[in-house]
Amino acid sequence: MELRRLFQILPRILLLGGLAWGVSNAPAWGQASSQTGASPRGAQYNGFGRMVFDWDGPTSYSADVINGELVLRFDQPVKGDFHSLLRPLSQYLKTVSVSSDGKTATFPLTHPIQVRAFGGSGNSVIVDLVDKPDASARSNQAEAKPPASASSGDAPSGQAQSSATEGEGPLSLLPPSAPPPSSQLPPSAAAAPPPAPATPPVAAKQRPAGEAPAVEVRAGEHGSFNRVVFSWPQTVDYKVEKQGGRATVTFAKPARFDLAGLQTSLPSDIRLLSADGGGKSATVALSIPENARLRHFASGPKVVLDIVRDSNSPPPAPPATAQQSPPPGNNDVTLPSLKPLVPEDQPTLPSESLAAAQSAPPPMVKPVQPPAKSNATEPPPPATDARPAVAAHPLPADDDKVFSLSVSWEKPVAAAVFRRAGYLWLVFDRKQEVDTKLMRRLGGEAVSEVTQIPNHEATILRLVVQPDYAPSVRREGLLWVIDLMHQPAEPKDPIRITAPAALTNGIGIVLTVADAGNVISVADPEVGDTMMVVPVITLGSGVYPGRDTPDVELLPTVQGIALLPHADGLDVRSTRGSVSIGMPTGAGLRLSTDGNRAIPSVKRSSREGFFDVGTWKRGGPEAFAAERRTFEAGLAMIPPAGRSGAHMEAAQFFFANGFAAEALGFLRLAADEEPSLADTGPYRALRGACQLLMGREEMAVADLDNPLVKDDPESRVWQAAAHAAAGDAPASWEKPLAAGLPIFGNYPKPLAWPLAVISAKAALAAGDDDAAQKSLDVLDRSIMSPRESVLLDFLHGAYSEMNGQFDQALDNYDHAAQGDNREYRARASLAAIELQLRLGRITPRDAAEKLDRLRFGWREEDFEFGLLKRLGELQIRAGDYPEALRTLRSVVSNYPDNKNTPSVSKMMTDTFTKLYLEGAADMMPPVSAIGLYDEFRDLTPTGAKGDEMIRKLADRLASVDLLDRAAELLKHQVTYRLQGLDKARVGAQLALLDLLNRQPQPALDAIVNSEADGLPQELQRQRKHLKARALADLDRVPEAIQLLVGDASSEAAQLRAEIYWHKQDWPNAALAFEAMVPRPDRGAPLDDVTSRLVLNWATALALGNDERGLAALRRSFGPSFAGTAYDDGFTLLTSALDRDLPDMPAIAAKIKEAEGFQTFMSNYKKRLRAGGLSGIN
């Protein structure tokens, strides 16, 4: 009986799981196969071939046909040999090439095929190679014949079953070496009659092959409509006409229609009438229900025709079914050839209780008669653009409008679709950015808002959809499509839910679904809680109806699984075949047999207004434990109609006793059961107060500022407290808080304490002595914990400081600083430092040192931001600029989004400007100044102000002979900051620094790289002289001298003399000096500069052995040197060659003296010391 039941429900299993018949579906023979087969392994069947890859654990994979090659990709290396697949699949595969990492294999194909890949039993991956329809036409003819008898030994491996089946071949890979015993065959299979002959397809009028493109025509069922797809190789114009029960599609081009997969994919009320591909156009005619309507669109080269049935029309009858029997005398098992079934009507699940829903037996589905066609399965549509995209298919205007939104992917993606709290949620288990504006626009009147919720591992979309539009899902290849129309929001295949289920960690719930994705945490910003969502790849698998238990709620979904934890630490696990929900402690989930959850009725408040804390607390702390047990014990006593009110009362009870988190949970439950409750004043006021107690000030402000709350006096006190706690000008909310003191002063301590603290802080900020004293009185009357006493000491210190009692204030602050409340210990220390600084008892440097020790005392953002900013200010006042800049930079880096960060950035810029423009850095050692500049170079302002800053710093460095560092600054300017005249001018300064630093090549590069047109003549001459000097230092003397040709300036003459002198070209050096010396009147005295030039001239003549020149020089200038300090030297040099034994030591001393003449570079050094770099040009 069990085997007969297995074969009866087998088609249903294939439909729900979307899996082909695999090894594990037949208990006895499937196990034998998996044990004996190698991996990878292959076999060939009638019309298709199969590969099987076994893995130790789950793996990701893809299979594609690209340019005539089959490409398989896995996320881990394949352990076996891909070449073992070539022999059994030689009809399909030529050879194979494998990537170096063993993860990708490429098989050149012998002929066109379609490929389908799916997960098998365990962790196996199955890849089927299916013949194209035109390649399998011959097999159709063979299949029309009656099955012949055969034995297991007559057929090669994998083909014993093929001769006995029609349509699609068997989808299990059964080794012939391990056939099951005949006793294991189900009786129904042994006695089944032979299949009925297939209905012949409609003949199509086709043009001769090669004259028209081949167009594949396929069909599919999509719930309320059937879709027919014409796959053209390129875009084509078309028109659609409807006349009664006849639909005609006319294309502007001829075609060869491939109708093999069409006829058997249509329901009973839609038939193919004719297909004519000849002439200049092509036409296909279909018989459809008269009351059906048509919609159509083009998607690239595809033309899509949807036949939409009237909502009142009965569903079409399913195709006739027949059972198959194995061939007589064959010991191998031949399973029924199964085709994916047309989706059946939505099953109605019992809703009375969770247990009743699980006790119903699964529906029995008969096998579908295989069509008389090839084994080819419909190929997946081509992958859409890999870029994140949202597309909508336009539909004709109609009373029954449909808006189809789609999200494209480049890899398989699981999805979940469900409604919650007035929103439609779409959750995918891969992350990408979606164009929400486009999705909203294309959603038309059905969609009014689309928001993408940030998530690091998933794509989460939240849509506001009109209530009368419900979603359904479909998939085209890697494209998920959500159709919004007037329809029930139910899944096509509800997921089977088993509860209670025995789990390894106790009693729980199991949802049986194939290809479930990862568990994704989804925060609901509207409700304020967190859902757990499990997207599912299998199309149409959702939860319906929803389930609710004390520990978890299963939301109804159209696709996937969404649950709402009611208990902390819920353990949700997703596997390949199921999703389990349990508790990690092993205690098990609490399951309710009738699904009802409630709390006992409580006394209704007779007081007007939104708050009645005295009534809500139901006895206060002493009675809380007993009252809580009463609530929990009565969860199943109140009928569903009263749940929302009961949950609201529970929220009030927990709030009044200081349990804000629990109160928020019950408020959420109340709003889930009655969404309109969330738009009432009492609900908003209570939720806002709970958010404030939880420290969520901004969320509290949003609720308490709602117009629904504004007229309630007690709510206005909570509103003022929320604004003051949020830092929204606390002093401005002091008056309503002071007015509320008589109200919250009588609250229980869990409520009164935080409100009194907020009121005291607001009064201190406003300088209201009376309100501050009254708030402190409320706090003083409370029974305090050690942490609370530290807070109170801090507030008393602030109060004493406000009243001028400074010593008392310091004493209070010091007492608080010794406590064990980290926050107010740090705040008290900060307040004491500021007060001592204000009183002049410590210096800014002392205060900075104390603050520096406090910087890690409390890490809350606003406190730490303010402390570090203040530390930077004090370090600036103390003149510790390096530490100040480092402190302020840490603030900017750690808090880039803080609203006060721009003011800190400005403080840094102002300090940097003060250092390097206003001269504060002159008080620092030059090395420290340049080091600090390098550390904070990014603070250099743009434009002329920054250029001036750099030049001043370079001047400072050059003045202390830090030439290389000064050159680095100017080089950065020349390379990145300056253009035109400024670049040429600073380039000359850079060249001078390089020459002074004995770096002629960088000097030459600086001149060349800063060339510009239209320069002043003086700057051009200066740059030419510097370039000549650099060339001379590089021993390129001819080029240097050539550069000075025609230049009659004194600088050029001096440079020529200097170049010749260093090259020991004494004749030319003498000529150069001669050109520099003016001719004096005979006997007239010479100035010091001219005297030294004449001495240099005489030295050059002496070193060049120019006796005649020396004699002439003696005659011309001898009288002028008489009686001067240079007379002896001149006489010695000019008469040196006249002596037989010249006094060489004396001459050498004079030559040495001459070498100290005023050189070209020494002139620049003088100018540099006098006016800095900017003074030379």
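The values are calculated or read from the model by the stated rules, or taken from the named source; none is laboratory data. On a predicted model such as this, the values are computed, not experimentally measured, just so you know. In this analysis, Cβ positions are derived from the backbone assuming ideal geometry, glycine residues included, and neighbour counts consider all displayed protein chains.
Just one of the listed residues (Arg716, Arg684, Arg668) is of a type in the set (Lys, Arg), surrounded by 17 or more Cβ atoms within 10 Å (Cβ to Cβ) and within 30 Å of Gly767 (Cα to Cα), and it is Arg716. When the range 65-78 is filtered for residues that are over 17 Å from His111 (Cβ atoms) and acidic (Asp, Glu), only Asp75 remains. Selection over the range 1043-1056 of residues that are part of a helix (DSSP H, G or I), without any contact (Cβ under 8 Å) to a residue 40 or more places away in the chain and under 20 Å from Leu1093 (Cβ atoms) gives a count of 4.
Per the conditions (1) free of Cβ contacts under 8 Å to residues at least 60 places away in the same chain; (2) touching a strand residue (DSSP E or B) at 6+ places or on another chain (Cβ under 7 Å), the sole criterion not satisfied by Arg668 is (1). Residues in the range 294-323 that are of a type in the set (Gly, Ala, Ser) and modelled with pLDDT of 75 or more: Ala298 only. Among what's in the range 997-1043 and is among the polar types (S, T, N, Q) and out of contact with any Gly (no Cβ under 9 Å at 6 or more places or on another chain), pick the residue that is surrounded by the fewest Cβ atoms within 10 Å (Cβ to Cβ). Checking each candidate, the answer is Gln1017. If I ask for residues that are surrounded by fewer than 14 Cβ atoms within 10 Å (Cβ to Cβ), of a type in the set (Gly, Ala, Ser), over 44 Å from the mean Cα position of the chain (by Cα) and at pLDDT below 75, which ones from the range 621-647 would you list? The answer is Ala633, and nothing else. I'm trying to understand the selection: among the residues of the range 470-479, which are surrounded by fewer than 22 Cβ atoms within 10 Å (Cβ to Cβ) and not aliphatic (A, V, I, L, M)? Of everything in the range 470-479, those that are surrounded by fewer than 22 Cβ atoms within 10 Å (Cβ to Cβ) and not aliphatic (A, V, I, L, M) turn out to be Arg474, Arg475, Glu476, Gly477. Among the residues of the range 49-60, are any on the phi < 0 side of the Ramachandran plot, modelled with pLDDT under 85, in a loop (DSSP other than H, G, I, E, B) and buried (at least 20 other Cβ atoms within 10 Å of the Cβ)? No. Those strands (runs of 3 or more DSSP E) of the range 188-256 in which 1 or more residues are at pLDDT below 90 and buried (at least 16 other Cβ atoms within 10 Å of the Cβ) occupy 214-221, 225-231.
Restricting attention to the range 768-808, the residues that are among the acidic types (Asp, Glu), more than 23 Å from Asp820 (Cα to Cα) and in a helix (DSSP H, G or I) total 2. Of all residue pairs spaced 6 or more apart or on separate chains, none has beta-carbon atoms under 6 Å together with a first member in the range 841-869 that is outside the structural domain of Gly727 (by TED's automatic domain parsing) and free of Cβ contacts under 8 Å to residues at least 12 places away in the same chain and a second member that is surrounded by fewer than 16 Cβ atoms within 10 Å (Cβ to Cβ) and in a helix (DSSP H, G or I).
For the range 101-138, give me each residue that is closer than 29 Å to Ser39 by Cα and at pLDDT below 60. Within the range 101-138, Ala135, Ser136 meet the criteria.
Residues satisfying the criterion are present in the range 424-444 (criterion: free of Cβ contacts under 8 Å to residues at least 40 places away in the same chain, more than 30 Å from His566 (Cβ to Cβ) and buried (at least 18 other Cβ atoms within 10 Å of the Cβ)).
Scanning the range 528-564 for residues that are out of contact with any Pro (no Cβ under 7 Å at 6 or more places or on another chain) and over 16 Å from Val427 (Cβ atoms) returns Gly528, Arg547, Asp548, Thr549, Pro550, Asp551, Glu553.
If the condition is being within 24 Å of Trp616 (Cβ to Cβ) and in contact with a helix residue (DSSP H, G or I) (Cβ under 9 Å, 6 or more places away or on another chain), then the range 725-748 contributes Ala725, Pro736, Leu737, Ala739, Gly740, Leu741, Ile743, Phe744, Gly745, Asn746, Tyr747, Pro748. Examine the range 972-983 for a residue that is within 29 Å of Asp1035 (Cβ to Cβ), touching a residue at least 24 places away in the same chain (Cβ under 8 Å), of a type in the set (A, V, I, L, M, F, W, C) and assigned by TED's automatic domain parsing to the domain that holds Glu1039, and state whether such a residue exists. Yes, the range 972-983 contains a residue that is within 29 Å of Asp1035 (Cβ to Cβ), touching a residue at least 24 places away in the same chain (Cβ under 8 Å), of a type in the set (A, V, I, L, M, F, W, C) and assigned by TED's automatic domain parsing to the domain that holds Glu1039. The single condition among (1) surrounded by fewer than 16 Cβ atoms within 10 Å (Cβ to Cβ); (2) over 15 Å from Gly879 (Cβ atoms); (3) more than 40 Å from the chain's Cα centre (by Cα) that Glu918 does not meet is (2).
Where helices (runs of 4 or more DSSP H) fall wholly inside the range 673-741, the ranges with 3 or more residues that are under 25 Å from Glu662 (Cβ atoms) are 681-693, 697-704, 713-725.
Of the residues making up the range 260-291, just one is without any contact (Cβ under 8 Å) to a residue 60 or more places away in the chain, surrounded by fewer than 21 Cβ atoms within 10 Å (Cβ to Cβ), closer than 13 Å to Val217 by Cα and not β-branched (Val, Ile, Thr), namely Ala285.
Just one residue in the set Ala752, Ala760 is under 46 Å from the mean Cα position of the chain (by Cα), under 20 Å from Glu823 (Cα atoms) and modelled with pLDDT of 90 or more; that residue is Ala760.
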